[in-house]
1. How many residues are touching a strand residue (DSSP E or B) at 6+ places or on another chain (Cβ under 8 Å) and either modelled with pLDDT under 90 or among the polar types (S, T, N, Q) (or both) if we restrict to region 42-54?
2. Can you tell me how many residues in region 71-99 are closer than 15 Å to Gln148 by Cβ, among the small types (Gly, Ala, Ser) and either in contact with a strand residue (DSSP E or B) (Cβ under 7 Å, 6 or more places away or on another chain) or part of a strand (DSSP E or B) (or both)?
3. From the list Arg63, Arg99, Arg25, which residue is among the charged types (D, E, K, R) and either within 30 Å of Ile177 (Cα to Cα) or more than 15 Å from the chain's Cα centre (by Cα) (or both)?
4. Does Asn87 fit the bill of being out of contact with any His (no Cβ under 6 Å at 6 or more places or on another chain), of a type outside the set (Gly, Ala, Ser), at negative phi and modelled with pLDDT of 90 or more?
5. Go through region 19-30 residue by residue and tally those that are at pLDDT 90 or above and out of contact with any helix residue (DSSP H, G or I) (no Cβ under 7 Å at 6 or more places or on another chain).
6. Can you tell me how many residues within region 67-83 are in contact (Cβ under 8 Å) with a residue 40 or more places away in the chain and of a type in the set (S, T, N, Q)?
7. Among what's in region 66-84 and is at pLDDT 85 or above and among the hydrophobic types (A, V, I, L, M, F, W, C), pick the residue that is farthest from the chain's Cα centre (by Cα).
8. Across region 45-70, which residue is nearest to Met35 (Cα to Cα) among those that are among the β-branched types (Val, Ile, Thr) and not in a strand (DSSP E or B)?
Amino acid sequence: MNYLFFLLIPAGLSLLIISIKQIFRFVNTKKIYEMPCNQGEGTFTIISKGEYGLWISGKNFTRTPIGKISFNLVNQQTGKSVPLTINLLRTSISGFKTRRVELYIFRVEEGNYVISLNDRASIRDKVGTIIANAIFRKPVDYSMFFVQIREHISMYILVLCVFGIIFGSVMTISGIILPIAL
């Protein structure tokens, strides 16, 4: 019977490795386009139909342009505006020097698109700006921030990966401890 607990070790390690690989995939999503925030407008090409995310990337611990700017995405061939969905659970990825935050999600077909910045920020972002104004007194330096278009990976996958890491660790440790304890 005790030998059956040893089977938890390879099962737990497998789940742990798969979950960690998926988190690395989540962090290293493919960047489609990058443009400085002070540029104002840019054109990019989408090769395959799918869901993409609009990210703001910049230096850590500085005042961000979130709450000061908004985005407009237009299909260059048709002239139709692409609806941007606000990301309710904003994904952010931080390093030691830089940080990026996913602001919007959009679904598009293949083709060329024009992204432009305007000053009509959402109410949610403006409320956050009030808090940031109390902390940071300096004005926003738009040259330090970039707009990025990246492939979108659902937040649910990240949550499942975190539970997979926890469950895989518990399985592995249980497979080591239970045969000794029983």
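1. 2
2. The initial filter retains those residues of region 71-99 that are closer than 15 Å to Gln148 by Cβ, namely 71, 73, 84, 87, 90-95, 98-99.
Then drop every residue that is not among the small types (Gly, Ala, Ser), which leaves 92, 94-95.
Now drop any that are not either in contact with a strand residue (DSSP E or B) (Cβ under 7 Å, 6 or more places away or on another chain) or part of a strand (DSSP E or B) (or both), which leaves 92, 94.
Total satisfying the criteria: 2.
3. Working: Arg99 fails: either within 30 Å of Ile177 (Cα to Cα) or more than 15 Å from the chain's Cα centre (by Cα) (or both); Arg25 fails: either within 30 Å of Ile177 (Cα to Cα) or more than 15 Å from the chain's Cα centre (by Cα) (or both).
The conditions single out Arg63.
4. Values: out of contact with any His (no Cβ under 6 Å at 6 or more places or on another chain): yes; of a type outside the set (Gly, Ala, Ser): yes; at negative phi: yes; modelled with pLDDT of 90 or more: no.
The answer is no for Asn87.
5. 1
6. 2
7. Among those that are at pLDDT 85 or above and among the hydrophobic types (A, V, I, L, M, F, W, C), it is Val74.
8. Just the residues of region 45-70 that are among the β-branched types (Val, Ile, Thr), to begin with: 45-47, 56, 62, 64, 66, 69.
Okay, now just the ones that are also not in a strand (DSSP E or B), so 47, 62, 64.
Working: Ile47: 18, Thr62: 19, Thr64: 15 Å.
Only one residue fits best here, namely Thr64.
The values are calculated or read from the model by the stated rules, or taken from the named source; none is laboratory data. Because the structure is predicted, anything quoted here is derived from the model rather than measured. Here the Cβ is made from the backbone with ideal geometry for all residues, glycine too, and neighbour counts use every protein chain on show.
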